[in-house]
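Please read the structure below before turning to the comments.
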Amino acid sequence: MKTIREALAEVRSLETHPLVKKARKAHKDGVWDGNVDKNGNPIVHINGKPHTVVVEETRKLMEVGPRGTNISVQVKGFRGNLQKFDQMALDSIGYNLGALLDIDTDSAEVTYKGDIAIYTFDEDESGYSAEDVKGMFREASRTAKDRTKYSKITADNFKKFDNTDDFPGRDPIDEYYAEAHMRNMANGKGFVYGVKLV
């Protein structure tokens, strides 16, 4: 049986293992294509055993507010400064990421990190209980699935047409993606909107 000192030394050595460093860098760059855990952290196999790579961003973002009062939205495929773009989108199309997914952005404190926005609801200030936030999360999750489909359709149409006015009238448009596309802040494949309750 290992002593506590030996166990701690093993954990420290795993954190500096080349596979862990490579996974952490790939995840940060947005190109990790391996297995992930339920929180989106990369999983690597060292000596035949799975090891979860806790990404520093995730660790910091989880400290935003009490568990269950934060809604995390990730926009996979976005390139650029999400915070600045969110403000540009609000000015040009009339709504931002939170409003797009039916999140009450007026009552939330928003924190941005890379392609992730965290909406924190303080019960005293916002008036939303943890149950209210869960309900908002469920609605945002449903909307995110639809918006991901619309984003893919919009991206496909941009391959054929230069402007959204030329798109076939029956195709839904993800205006948030279209705005990012026009500003060269999209990957050309459509956004994948991911929503988590943290």
* Asked: About its Cα centre, what dipole magnitude does the range 121-198 give when the only charges are +1 on Lys and Arg Cβ and -1 on Asp and Glu Cβ, stated in debye to the nearest 20?
  -> 660
* Asked: Can you list the residues of the range 136-171 with backbone N under 17 Å from a point 7 Å past the Cα of residue 107, pointing along Cα to Cβ?
  -> 136-141
* Distance in nm between label sites at residue 165 and residue 146, each 7 Å beyond Cα in the beta-carbon direction? -> 2.7
* Table column - 3J(HN,Hα) (Hz), the range 164-180, Karplus curve with 6.51, -1.76, 1.60, x for Gly and Pro -> 5, 5, 8, 5, x, x, 7, 7, x, 10, 8, 5, 5, 5, 4, 5, 5
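The numbers here are math on the coordinates, done by the rules we state, and not lab data. None of the values given here were measured: they were computed from a predicted structure. All Cβ positions, even for glycine, are placed from backbone atoms using ideal geometry, and neighbour counts span all protein chains on display.
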